[in-house]
Amino acid sequence: MKSLLSWLCVALLATISNAQVDETTKQFAHDIFKQLIEINTTDSVGNVTTAAEAMAQRFRDAGFPESDLHILGPNDRKKNLVVRLHGTGKLKPVLLIGHLDVVEARREDWTTDPFQFVEKDGYFYGRGTQDMKDGDAIMVTTLIRMKKEGIIPDRDIILALTADEEGGQSNGVDWLIKNHRDLIDAEFVLNHDGGGVEANQGKALFMDLDASEKIYADYTLLVTNPGGHSSLPVPDNAIYHLAAGLTHLADYHFPFELNNVTRAYYERMAKVETGQRAADMQAILKQPPDLDAVVRLSHDPIDNSILHTTCVATRLAAGHANNALPQSAQAIVNCRIEPGHTAEEVRNMLEQVLADPKISVTYVGALGGAASRPSFSPPPLRPELLAALDKAVGELWPGLPIIPTMETGASDGVYTSAAGMPTYGVSGEQLDRDDIRAHGKDERVPQASFYRAVDFYYRFLRLLTAPRWISLTVY
């Protein structure tokens, strides 16, 4: 009996390893992707609810009961979809998240219609092809495929497709956590809006595993003044006060810091890089760190953002007439805060850096209508997640290193992480580092990359939710 069981387990493992995306699955994923791209989900005139309902119908057609589908949200245009694929209940659920909304796109700026799914020259074009309707289509395809194949995972798999990650006032993940935590509560979260394979001219370099992210925060800097006639200038000028303060900010560098994720990132990247750059990465890992190496690495904008909290002025407004002394001067400063620190902490630091009591500093908020985003520490790297990732990556990109990273931008993972659900960005999409077009003109994704990502995510999720299949060693 034991030998038969072992043989069956090995057979199951081989089935996963040798599984390929068949033409039916490719066409199914393609059709979902096309359907999503051609539903306008911008904040200005789009409708996320339409996309949520379209995906819900896909799940109904695949045999998901109505009791496992929930379409809900704060208003008619911003409803979210929550779907549950039931497992054995042996382990607590895993939550998959992806946003359905996209940033604005004007037809006159694009070569093609941004809300038409255009296939040409080996690419899929359209708003959301990189961020992130590709990921939405991949996750929907994967869950439906698992359902049709009769796979019963060791834990429930929950999928939440949500609104207003890109902006707006109705962030879906935040709203679900506050109003329907029971529908999405999970042991950990997989965020398809992160991770992926970085490539250079088609050559895969490494797989990103986003294991943490910085906190987004906007601040208003304001100076007010009685003003007066411009023919009678005085030193106490609102614009001068603000300009001097912003100059102090431009010259300031927040303290260097590493957390468990960024330390692991540089440990692995030091083996990928060469020369002075590799030596500097090793030097910042020492105790104490080599601060000269920190300075050299910080000349690179990406390294600088990984190693420091960053704050930068992004908007200015001042004065009310050409012939009047300004009564006010205002700037917006955008900060990306290292995990473990709060928005209030950084606000206090900004006051110190600006060094002028006439400049008031007010926290404005974050994207998606959230008033604040609580601080959280990076989660540990889960062994079962790394094991599944190692195997799935090894099958499709043999020998490719997996590099834990910290997302320096902003995603919905900040809400789930702050809610006590460790969140990891995992995607199998391969993009060239010089062809990142998310939020930009003529957004596109290589067709081969999309289909390989469909293959990858099925392998990865199946291995992750059935760990007995990846713990075997075949001789």
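Remarks
- If the condition is being closer than 14 Å to Gly63 by Cα, open to solvent by 10 Å² or more (accessible area, probe 1.4 Å) and out of contact with any Gly (no Cβ under 7 Å at 6 or more places or on another chain), then the range 130-158 contributes Arg145, Lys148, Glu149, Gly150, Ile151.
- Filter result for the condition that a residue is at pLDDT 95 or above, under 21 Å from the mean Cα position of the chain (by Cα) and among the aliphatic types (A, V, I, L, M), over Leu85, Leu91, Leu143, Leu69: Leu143
- Some residue of the range 26-37 being at pLDDT 95 or above and surrounded by fewer than 15 Cβ atoms within 10 Å (Cβ to Cβ): yes
- No other residue among Ala448, Ala410 is in a helix (DSSP H, G or I), open to solvent by 10 Å² or more (accessible area, probe 1.4 Å) and aliphatic (A, V, I, L, M) apart from Ala448.
- Failed condition for Pro233, given (1) farther than 30 Å from Pro398 by Cβ; (2) open to solvent by less than 70 Å² (accessible area, probe 1.4 Å): (2)
Here's the yes/no breakdown for (1) under 18 Å from Ile39 (Cα atoms); (2) of a type in the set (Phe, Trp, Tyr):
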residue	(1), (2)
Phe124	yes, yes
Asp136	yes, no
Gly150	no, no
Asp156	no, no
Glu165	yes, no
Asp174	no, no
Ile177	no, no
Glu187	no, no
Gly194	no, no
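- Of all residues making up the range 304-333, the number that are assigned to a strand (DSSP E or B), surrounded by fewer than 16 Cβ atoms within 10 Å (Cβ to Cβ) and polar (S, T, N, Q): 1
- Top-ranked residue in the range 186-202 [being open to solvent by less than 40 Å² (accessible area, probe 1.4 Å) and assigned to a strand (DSSP E or B); ranked as nearest to Glu165 (Cα to Cα)]: Asn191
- Any hit, the range 249-271, residues being crowded, with 22+ Cβ neighbours inside 10 Å and either farther than 28 Å from Arg296 by Cβ or among the basic types (Lys, Arg) (or both): no
- For the residues Gly167, Gly228, the requirement of being open to solvent by 10 Å² or more (accessible area, probe 1.4 Å), out of contact with any Phe, Trp or Tyr (no Cβ under 8 Å at 6 or more places or on another chain) and closer than 28 Å to Asp434 by Cα singles out Gly167.
- Scanning the range 388-407 for residues that are over 21 Å from the mean Cα position of the chain (by Cα) and open to solvent by 40 Å² or more (accessible area, probe 1.4 Å) gives Lys391, Glu395, Pro398, Gly399.
- Of the helices (runs of 4 or more DSSP H) that lie entirely inside the range 245-297, those containing 3 or more residues that are of a type in the set (Ser, Thr, Tyr) span 260-272.
- If only residues of the range 420-435 that are open to solvent by less than 30 Å² (accessible area, probe 1.4 Å) and assigned to a loop (DSSP other than H, G, I, E, B) are counted, the one that is farthest from Phe460 (Cα to Cα) is Asp435.
- The residues listed here are Ala238, Ala244, Ala217; of these, the one that is more than 18 Å from Ile302 (Cα to Cα) and in contact with a Phe, Trp or Tyr (Cβ under 7 Å, 6 or more places away or on another chain) is Ala217.
- Yes/no for Pro357 being in a loop (DSSP other than H, G, I, E, B), modelled with pLDDT of 95 or more and surrounded by fewer than 16 Cβ atoms within 10 Å (Cβ to Cβ): yes
- Unique match (being more than 21 Å from the chain's Cα centre (by Cα) and outside any loop (DSSP other than H, G, I, E, B)) among Leu205, Leu159, Leu183: Leu183
- Check on Thr50, open to solvent by less than 10 Å² (accessible area, probe 1.4 Å), out of contact with any Gly (no Cβ under 8 Å at 6 or more places or on another chain) and under 13 Å from Ala163 (Cβ atoms): no
The values are calculated or read from the model by the stated rules, or taken from the named source; none is laboratory data. Here the structure is a predicted model, which means the values were calculated and not measured. Because the Cβ atoms are built from the backbone with ideal geometry, glycine has one as well, and the counts that use them run over all protein chains shown. Remember, those area values only see protein heavy atoms, side chains included, never the ligands or the DNA or RNA. Shrake-Rupley method; radii C 1.70, N 1.55, O 1.52, S 1.80 Å.
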